[in-house]
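Working notes, beginning with the structure itself.
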Amino acid sequence: RSRTCAACNLGGLERWGWISVGDQRGGRREGYGSHRGIKGETVLRPTRAGSHARRLWPAVIDEVERRWRDRFGHGTVEAVRDALERLANHGPWSLPEIHASNGFFTNTTGEGVTDEPRSTAALIGQALTALTLDHEQRSKPALPLGANVLRVIGDGGCSLGDLPHRSGISKEAAAMAVNYLIKEGMVERWPERTIVLTHRGLQARNEYEIRAAAVNHPRLRAALEELLSRREALVEGLAPPEGCWRSERPYAAQTRRLLVDPTSALPWQPMVLHRGGWPDGA
């Protein structure tokens, strides 16, 4: 946790076959696939698959960055890197996983110190984490709820069926968010599967909008607007390869919307849940 600067879904990594947890003595440990029994001194080891993935990952990141430079141009990527380096801290290289149990807030475990070169993807993750933490210091609800859910409900409400389309997050993520907001008194469920904002919800949405509008990083905004204006280059990198799960039900419809207009179909804030994967994740 100290090295990653974030809590880790160790039980999930164990279930999915990437790590072994503690001394399993040839069998499954008690608490397998969960956090039960894991302590600070518990030793984690990569499995054969985990070791292979760890060796493969740096080459994948390098290849992705090379493709970015080919599609968007070296100057555009360097401008983004320069702007990100002014904001990136030494936190996790990707947004940490969030949970409904603590209101979907982003939490880290401090800042690590490393001399390892950071890829553009790592700079994006660190800068976004830093901006999210800054927004959430004095805010309720959490940024993923304000940016993705409260923002799109509107004064006239929203049908539950339309929420994934409007927000860009999956129906599972939308359901988790709505259940939490109902419990917190920010949203009410009306007949015909419609949800509306309560007075408290309207206040929370207004707070999100005010805080979001107050953020001003002109160099970063200019660099990102230049990148996002290259729609064909964006779409080329988002088209799923043949046989990929993004092109199959139930994700195919969202993928089609993404390829038509990426900036409208993507969520405004990544929502990295325990389910993992897009569009549940980024």
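Before we move on, is THR129 assigned to a loop (DSSP other than H, G, I, E, B), open to solvent by less than 20 Å² (accessible area, probe 1.4 Å) and of a type in the set (Ser, Thr, Tyr)? First the steps, then the outcome.
Working: assigned to a loop (DSSP other than H, G, I, E, B): no; open to solvent by less than 20 Å² (accessible area, probe 1.4 Å): yes; of a type in the set (Ser, Thr, Tyr): yes.
Here the answer is no, as THR129 does not meet what is asked.
Considering the range 48-63 alone, what residues qualify as being modelled with pLDDT of 95 or more and β-branched (Val, Ile, Thr)?
Listed by number, the list is empty, since nothing qualifies.
Which ones in the range 141-182 are among the polar types (S, T, N, Q) and in a helix (DSSP H, G or I)?
Listed by number, the residues that qualify are ASN148, SER167, ASN179.
Checking LEU228 against (1) in contact (Cβ under 8 Å) with a residue 60 or more places away in the chain; (2) surrounded by fewer than 16 Cβ atoms within 10 Å (Cβ to Cβ); (3) touching a Ser or Thr at 6+ places or on another chain (Cβ under 7 Å), only one condition comes out false. Which one?
Result: LEU228 fails condition (1) only.
Please give the number of the condition LEU143 fails out of (1) among the aliphatic types (A, V, I, L, M); (2) more than 23 Å from CYS5 (Cα to Cα); (3) open to solvent by 10 Å² or more (accessible area, probe 1.4 Å); (4) under 16 Å from the mean Cα position of the chain (by Cα).
(2)
Being surrounded by fewer than 17 Cβ atoms within 10 Å (Cβ to Cβ) and among the hydroxyl-bearing types (Ser, Thr, Tyr) is the filter here, so list the residues in the range 193-218 that pass it.
Once the filter is applied, which keeps residues that are surrounded by fewer than 17 Cβ atoms within 10 Å (Cβ to Cβ) and among the hydroxyl-bearing types (Ser, Thr, Tyr), the range 193-218 yields THR194, THR198.
From ARG230, ARG200, ARG193, grab the single residue that is charged (D, E, K, R) and closer than 22 Å to ALA79 by Cα.
Answer to the selection: ARG230.
When you check GLU111 against the structure, is it in contact with a His (Cβ under 7 Å, 6 or more places away or on another chain), part of a loop (DSSP other than H, G, I, E, B) and farther than 27 Å from GLU63 by Cβ, yes or no?
Answer is yes for this residue.
Would you list the helices (runs of 4 or more DSSP H) that sit entirely within the range 1-102 and hold 1 or more residues that are in contact (Cβ under 8 Å) with a residue 24 or more places away in the chain and under 30 Å from LYS183 (Cα atoms)?
Passing ranges, in order: 10-15.
How about the range 1-25: which of its residues are closer than 19 Å to ILE98 by Cβ, in contact with a Gly (Cβ under 9 Å, 6 or more places away or on another chain) and small (Gly, Ala, Ser)?
ALA6, GLY11, GLY12
Please determine whether any residue of the range 9-17 is over 30 Å from SER229 (Cα atoms) and open to solvent by 70 Å² or more (accessible area, probe 1.4 Å).
Within the range 9-17 (the criterion being over 30 Å from SER229 (Cα atoms) and open to solvent by 70 Å² or more (accessible area, probe 1.4 Å)), the answer is yes, since at least one residue qualifies.
Name the residues in the range 51-68 that are within 23 Å of the chain's Cα centre (by Cα) and of a type in the set (D, E, K, R), would you?
Answer for the range 51-68, where residues must be within 23 Å of the chain's Cα centre (by Cα) and of a type in the set (D, E, K, R): ARG54, ASP62, GLU63, GLU65, ARG66, ARG67.
Of LEU227, LEU197, which residue is in contact with a helix residue (DSSP H, G or I) (Cβ under 6 Å, 6 or more places away or on another chain) and within 25 Å of VAL80 (Cβ to Cβ)?
LEU227
The values are calculated or read from the model by the stated rules, or taken from the named source; none is laboratory data. As the structure is a computational prediction, the values presented were derived from the model and not from experiment. Note: ideal-geometry Cβ built from the backbone for every residue, glycine included; neighbour counts use all protein chains shown. Calculation scope for accessible area: heavy atoms of the full protein, side chains included, ligands and nucleic acids excluded. Shrake-Rupley method; radii C 1.70, N 1.55, O 1.52, S 1.80 Å.
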